[in-house]
């Protein structure tokens, strides 16, 4: 096994500056089999250290799926504690991705890295401290400090906007109303996890879906991410002030057949875990559907925006594809390869 | 899904950078987002940045599990 995480490859065939086809090659690590034979509690602990990104979302999805399979009810206080952990992680992950994953002209600026470090410290400490009000102010200040970075990204996108044109597609957002259909599909077919799709749908998940962004391409999704960051900060404030967690942040259900299912609205979108327990309450089957698999499905929303898009040629086309991938927020680095049929 | 592959820091460099060995290949990474990393520590990496430090026992256990998952992938799972 290679220990180095491979990249997500977006291989575009161009002719006369238009994308004829796009091939998405994912390294697709699926560690689900390592959960087999564990207790639900062991699975939740393991999920928290098996993933480099969103470990809290992965761990709580595993825990909630296990509790659902066992018919365990979660009280309101525990639910709020989990919601705070999930929202804090979501905010930190989104900020980090926004800075580190942006395909810019230069590496992230040192002052932005410092602001990010402050923000990550605040979101890490907030769920574990009695001084959450101070932490949230530190977080808000760090986010304000990163505002210029967002403005630079938006300016770069707007400056290039007239040079390319995506294939128009109305967005089709995955939401908590789809949970039952996803659960049914993922338990019915083990291969669903690798390339999830619902009948007649081209589902997108992530910040744009949470914000119900009204279509558009790169700029609209970038703006949706900023709006979602602000909304997540507001949701943390509301939770700390005694309010309710956002609907659908963490939902779970169990079935008499032994399956337990959980969905979490993580930074990159809806994350699903399903597990089946045997009579000894050990895990007999485990399935995970990650948000990246919807957005980067071979026939998914990114591919549909790119097929038929007018994106130019060479290095400029490569950068445009990578920036579009950035707003769909893959959990691994996306690299575009451009094959120009005019020069093939 | 991005697996958390622990890498061991072999040397601290100037400017909050460090050298790690990943898959037998020496690589330079940034420590700008983490505190108190020393040579010998294990960190989790993402796009050239250490995201967090983890204890050696946890790192060994995770590496063993990832190796197992790798064999499963190799078998077409």
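The values are calculated or read from the model by the stated rules, or taken from the named source; none is laboratory data. Remember, predicted model here, so these are calculated numbers, not experimental data. So basically every Cβ, Gly included, is an ideal-geometry build from the backbone, and we count neighbours across all protein chains shown.
Quick look at the numbers
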item	result
Options A:333, A:304: the member that is closer than 21 Å to residue A:219 by Cα, in contact (Cβ under 8 Å) with a residue 40 or more places away in the chain and within 14 Å of another protein chain (Cβ to nearest Cβ)	A:333
Whichever residue in the stretch B:1-20 is free of Cβ contacts under 8 Å to residues at least 40 places away in the same chain and facing chain A (nearest Cβ under 10 Å) and, among such residues, is nearest to residue A:193 (Cα to Cα)	B:1
Residues that are assigned to a loop (DSSP other than H, G, I, E, B), surrounded by 15 or more Cβ atoms within 10 Å (Cβ to Cβ) and either facing chain B (nearest Cβ under 10 Å) or in contact (Cβ under 8 Å) with a residue 60 or more places away in the chain (or both), drawn from the stretch A:90-119	A:101, A:102, A:103, A:108
Tally of residues being more than 17 Å from residue B:68 (Cα to Cα) and facing another protein chain (nearest Cβ under 9 Å) across the stretch A:37-53	2
Residues within the stretch B:38-60 that are assigned to a helix (DSSP H, G or I), out of contact with any helix residue (DSSP H, G or I) (no Cβ under 8 Å at 6 or more places or on another chain) and exposed (fewer than 15 other Cβ atoms within 10 Å of the Cβ), tallied	3
Test for residue A:66: is it in contact with a helix residue (DSSP H, G or I) (Cβ under 6 Å, 6 or more places away or on another chain), surrounded by 20 or more Cβ atoms within 10 Å (Cβ to Cβ) and not in a strand (DSSP E or B)	yes
Qualifying residue in the stretch A:81-89 (condition: crowded, with 22+ Cβ neighbours inside 10 Å, touching a strand residue (DSSP E or B) at 6+ places or on another chain (Cβ under 8 Å), within 14 Å of chain B (Cβ to nearest Cβ) and without any contact (Cβ under 8 Å) to a residue 24 or more places away in the chain)	no
Search result, residues across the stretch B:21-55 that are in contact with a strand residue (DSSP E or B) (Cβ under 7 Å, 6 or more places away or on another chain), touching a residue at least 24 places away in the same chain (Cβ under 8 Å) and within 11 Å of chain A (Cβ to nearest Cβ)	B:43, B:44, B:45, B:50, B:54
Meets criteria (at the interface with another protein chain (Cβ under 10 Å from one of its Cβ atoms), surrounded by fewer than 20 Cβ atoms within 10 Å (Cβ to Cβ), modelled with pLDDT under 95 and touching a helix residue (DSSP H, G or I) at 6+ places or on another chain (Cβ under 6 Å)) for residue B:65	yes
